[in-house]
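Undergrad: Got a structure here, written out as structure tokens. Questions coming.
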Amino acid sequence: SLRSDFPSQLTDTVYLKWEFPIRKLNFGKVVGQGAFGKVYHAIAHDIDGKPGPVPVAVKTLKDGATLEERDILQKELDQLIYVGSHPNVIRLLGACSRRGILCIIMEYAVHGNLREFLKARHLVSDLESDRQLCATGTGVLRDADLLKMALDIARGMAHLASLKCIHRDLAARNILVLDGGVAKVSDFGLAREAKENAYYFKEPKDGRMPFKWMAPETLLSGRYTSKSDVWSFGVLLWEITTLGSSPYPGIPTDKIVTLVLRGYRMGKPPNCPQDIFDMMKKCWRPTPAERPTFRDLKDTLEKLLQYPP
Ligand code: ACK
């Protein structure tokens, strides 16, 4: 059976509020493939209280998906409804749930996932760049752009944590980048079950094993909490400051778990501000209670960026 960190099944009335007629969706190309789900780019007509066409992302099941897989996708929808609207959490726009179909309609992230976004860019110093944030279009990013994205994620995660929602797979691949370089947390409802089974632990071609993001207590006992999400956030900070590198470079993947459990931690990436490296190290404290909260992380990043509180 499926585990769940949030209130039980939503009532039909709640779904009714989100139901969107599928005939008002024009499906485009597939932009992503998951274990059993597919993400399409689509145009929705008259959605989100706005008249006219709007680009959206539609997550749905692959052909031949099982009832259990449908149930997992439904859990994701439940969770999106439950967490509600936040500027740094991918926003639900509607759902098609009639006649055996299940589609989750979300706002469209033009820049795709954060890891690919970062890999396609290079860093420029504050001096080289103009005063505006570079996060869009230009192909360059400044330290401030990277910090702003880290702050976006910390804000989104603070929101989830305040709702007792645990992400369990916080990593750059699960952050989406929208117009203007705004980062949003996504895939937090996705397929817990699928991600914990053998399929997910098969090593992908590029060596990005999920255990590289997992806290020691999760590795040891499968325990997930907001504090294990904070550990993952530390790894995500490392991904951001290395522009999308794969964590623990040069270490054979089968050695990483043992090393981390013995207290090994990644070093400071080149060009990483000391403040950010200190933050990573706090996220990687062995005792979960000693790690900062997402609230703390958000406050610290706001101070570093000199944002008003
Ligand atoms: O980098 P991507 O194309 O961005 O690869 C993943 C893939 O689907 C699997 O999750 C893409 N994706 C997911 N949700 C969205 C969305 N709301 N907008 C745009 N792309 C999305 C994601």
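Undergrad: Being surrounded by fewer than 19 Cβ atoms within 10 Å (Cβ to Cβ), aliphatic (A, V, I, L, M) and either at positive phi or touching a residue at least 12 places away in the same chain (Cβ under 8 Å) (or both): is that true of Ala65 here?
TA: Against the criterion (surrounded by fewer than 19 Cβ atoms within 10 Å (Cβ to Cβ), aliphatic (A, V, I, L, M) and either at positive phi or touching a residue at least 12 places away in the same chain (Cβ under 8 Å) (or both)), Ala65 qualifies.
Undergrad: In addition: For residues that are assigned to a loop (DSSP other than H, G, I, E, B) and within 9 Å of the ligand (Cβ to nearest atom), scanning just the range 90-119, find the one that is nearest to Arg155 (Cα to Cα).
TA: Here is the first cut: in the range 90-119, the residues assigned to a loop (DSSP other than H, G, I, E, B) are 90-91, 97-102, 108-112.
After this cut, where a residue has to be within 9 Å of the ligand (Cβ to nearest atom) as well, the list is 90-91, 108-112.
Numbers: Ile90: 12, Arg91: 14, Tyr108: 20, Ala109: 18, Val110: 20, His111: 20, Gly112: 19 Å.
Among those residues, the one meeting the criterion is Ile90.
Undergrad: Next question. Could you tell me how many of the residues in the range 137-168 are farther than 26 Å from Gln274 by Cα, not in a helix (DSSP H, G or I) and not hydroxyl-bearing (Ser, Thr, Tyr)?
TA: So the answer is 7.
Undergrad: Residue under question is Ile153, and the condition is that it be in contact with a strand residue (DSSP E or B) (Cβ under 7 Å, 6 or more places away or on another chain), within 13 Å of the ligand (Cβ to nearest atom) and either modelled with pLDDT of 90 or more or of a type in the set (Gly, Ala, Ser) (or both); does it hold?
TA: No: the conditions fail for Ile153.
Undergrad: Could we say that Gly32 is under 27 Å from Arg155 (Cα atoms), out of contact with any Ser or Thr (no Cβ under 8 Å at 6 or more places or on another chain) and either part of a loop (DSSP other than H, G, I, E, B) or at pLDDT 95 or above (or both) here?
TA: No; evaluated as a whole, the condition is false for this residue.
Undergrad: Let me ask something else about it. Would the range 186-207 turn up any residue that is among the small types (Gly, Ala, Ser) and at pLDDT 55 or above?
TA: Yes.
Undergrad: Let me ask something else about it. Does Arg70 qualify as being near the ligand (Cβ under 9 Å from one of its atoms) and either surrounded by fewer than 20 Cβ atoms within 10 Å (Cβ to Cβ) or charged (D, E, K, R) (or both)?
TA: no
Conditions tested, residue by residue: (1) exposed (fewer than 14 other Cβ atoms within 10 Å of the Cβ); (2) of a type outside the set (A, V, I, L, M); (3) in contact with a Cys (Cβ under 8 Å, 6 or more places away or on another chain).
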{"residue": "Arg23", "(1), (2), (3)": "yes, yes, no"}
{"residue": "Lys29", "(1), (2), (3)": "yes, yes, no"}
{"residue": "Gly37", "(1), (2), (3)": "no, yes, no"}
{"residue": "Tyr40", "(1), (2), (3)": "no, yes, no"}
{"residue": "Ala44", "(1), (2), (3)": "no, no, no"}
{"residue": "Ile47", "(1), (2), (3)": "no, no, no"}
{"residue": "Gly52", "(1), (2), (3)": "yes, yes, no"}
{"residue": "Ala57", "(1), (2), (3)": "no, no, no"}
{"residue": "Thr60", "(1), (2), (3)": "no, yes, yes"}
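Undergrad: Could you list, in sequence order, all residues of the range 262-309 that are polar (S, T, N, Q), modelled with pLDDT of 95 or more and more than 20 Å from Ile153 (Cα to Cα)?
TA: The one that is polar (S, T, N, Q), modelled with pLDDT of 95 or more and more than 20 Å from Ile153 (Cα to Cα): Thr287.
Undergrad: I would also like to ask the following. Being in contact (Cβ under 8 Å) with a residue 12 or more places away in the chain and more than 16 Å from the ligand (Cβ to nearest atom) is the filter here, so list the residues in the range 22-52 that pass it.
TA: Listed by number, the residues that qualify are Ile22, Lys24, His45, Asp46.
Undergrad: Specify the residue that is surrounded by the most Cβ atoms within 10 Å (Cβ to Cβ); the eligible residues are those in the range 73-89 that are out of contact with any strand residue (DSSP E or B) (no Cβ under 7 Å at 6 or more places or on another chain) and not in a helix (DSSP H, G or I).
TA: Top of the filtered list is His86.
Undergrad: Taking Val230, is it buried (at least 24 other Cβ atoms within 10 Å of the Cβ), at pLDDT 80 or above and in contact with a Gly (Cβ under 6 Å, 6 or more places away or on another chain)?
TA: No; evaluated as a whole, the condition is false for this residue.
The values are calculated or read from the model by the stated rules, or taken from the named source; none is laboratory data. Everything numeric in this text was worked out from a predicted model, so none of it was measured. Every residue, glycine among them, receives a Cβ derived from its backbone with ideal geometry; neighbour counts consider all protein chains shown.
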